[in-house]
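The values are calculated or read from the model by the stated rules, or taken from the named source; none is laboratory data. None of the values given here were measured: they were computed from a predicted structure. All Cβ positions, even for glycine, are placed from backbone atoms using ideal geometry, and neighbour counts span all protein chains on display. Side chains included, ligands, DNA and RNA excluded: accessible areas come from the protein's heavy atoms. Shrake-Rupley method; radii C 1.70, N 1.55, O 1.52, S 1.80 Å.
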Amino acid sequence: MKEFFQENKKIAKIITEVAGLANYLWQKGWAERNAGNISVNLSELMTDIEFELDHYPMFQLERSYDALANLYFFVTGTGKRMRDLAISPMKNACIIKMNKKGNAYHIITMKKKNLYNFRPTSELPTHLAVHDLLVKSGSKNKAVVHTHPNELVAMTQIPKFQSAEMLNKTLWGMHPEAFVFVPRGVFMVPYILPGSHKIADATIEGFKNGHEVVIWEKHGAFAIGETVSDAFDMIDILTKSAQIWFMAMQTGNEPEGLNDAQLLELKEAFLKK
Ligand SMILES: [Zn+2]
């Protein structure tokens, strides 16, 4: 018998897309061991399915996410490898349904007796806080991706790039597409303990202010998008810029970057808003 996430073609397609992305992240060297986590809001695709929630394990959350009451999310598992998720997505990820108060969730892709030690990502506080914000603001963005892009993380080890202003100007200056596709630039979160509510709170400040990519200093990137591919694209473009910066620096020269007039010209040509 097929599971609901196989029967529902739209959900099956999203799971296939996540598996494809997990493979890219591993191939790019951004997903060592269990690094990275992904979540997607599936609620709009789940409307006609009823679950006997008593059959599924329930886990209490430390906080309430009012806007997420009764919603459904695909979430990658804690301690799971992206390279394994690429091959067997539903052994390394799950679908959760939030309870009606938004302060607990059921894992609905695993029966109580089959639970083993599976749990959603340790960064669930940040994923849920971001989805809560996206739902409240009526955003079209359904996907949240966290990964460890090497060159972007390396730049945050350099004190002058720990300021968003310097980092954005440098990333935009390395390639025009960085400005065209990430015109609001990144939001910088100073180093904070991963997996904490504190890092979740700091991260949503960036998304509240209209950024689509948040960089965690000395750790990684968080991006939102309509699909996981959209979120990945922004991190990919910015990492290309970071790579160009390092390649130019390796020649012993500081790269010139696009100047203010060239950035303004791009803004006028591509950003009509
Ligand atoms: Zn991480």
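Counting only protein heavy atoms and a 1.4 Å probe, the chain has 50 square angstrom of accessible area per residue. In the stretch 129-184, the portion of solvent-accessible area held by carbon and sulfur atoms comes to 57 percent [1.4 Å probe, whole percent, DNA, RNA and ligands not counted]. Overall shape: oblate for the stretch 149-273, with the ratio a/c of the largest to smallest alpha carbon gyration tensor axis at 1.5 or above and b/c at least equal to a/b. Ranked by the mean number of other Cβ atoms within 10 Å of their residues, highest first, the peptides 126-132, 188-194 fall in the order 126-132, 188-194.
Using the structure shown, list the pairs from 28/140; 169/198; 2/111; 10/142; 101/136 with a Cα-Cα distance above 19 Å, or answer none.
28/140; 169/198
Taking the Cα atoms only, what angle lies between the long axis of helix 260-270 and the longest principal axis of the chain, rounded to 10 degrees? In the chain, helix 260-270 runs at an angle near 50 degrees to the longest axis. Solvent-free Debye calculation, one equal scatterer per alpha-carbon of the chain: log10 I(q)/I(0) at 0.09 Å⁻¹ equals -0.42. The separation of the stretch 2-56 from the stretch 192-255, counted between C-alpha centres, amounts to 22 Å.
Would you please name the chymotrypsin sites (Phe, Trp or Tyr not before Pro) within the stretch 9-110 that are DSSP coil residues with at most 15 other C-beta atoms within 10 Å of their C-beta? Loop-located and lightly packed - 51. Solvent-accessible area of the stretch 1-122 (1.4 angstrom probe, protein heavy atoms only): carbon and sulfur portion equals 46 percent.
With K and R counted +1 and D and E -1, the other residues having a Cβ less than 15 Å from that of residue 24 yield a net charge of -2.
Using every Cα-Cα pair within the stretch 1-122, state what percent have a distance larger than 24 Å. Percent of Cα pairs beyond 24 Å in the stretch 1-122: 26.
Please give me the summed charge of the neighbours of residue 66: other residues whose Cβ is under 13 Å from its Cβ, Lys and Arg +1, Asp and Glu -1.
+3
Neighbours of residue 142 by Cβ distance under 9 Å: Lys/Arg scored +1, Asp/Glu scored -1, total -1.
The angle between the Cα long axis of helix 228-250 and the longest principal axis of the Cα atoms of the chain comes to about 30 degrees, rounded to the nearest 10.
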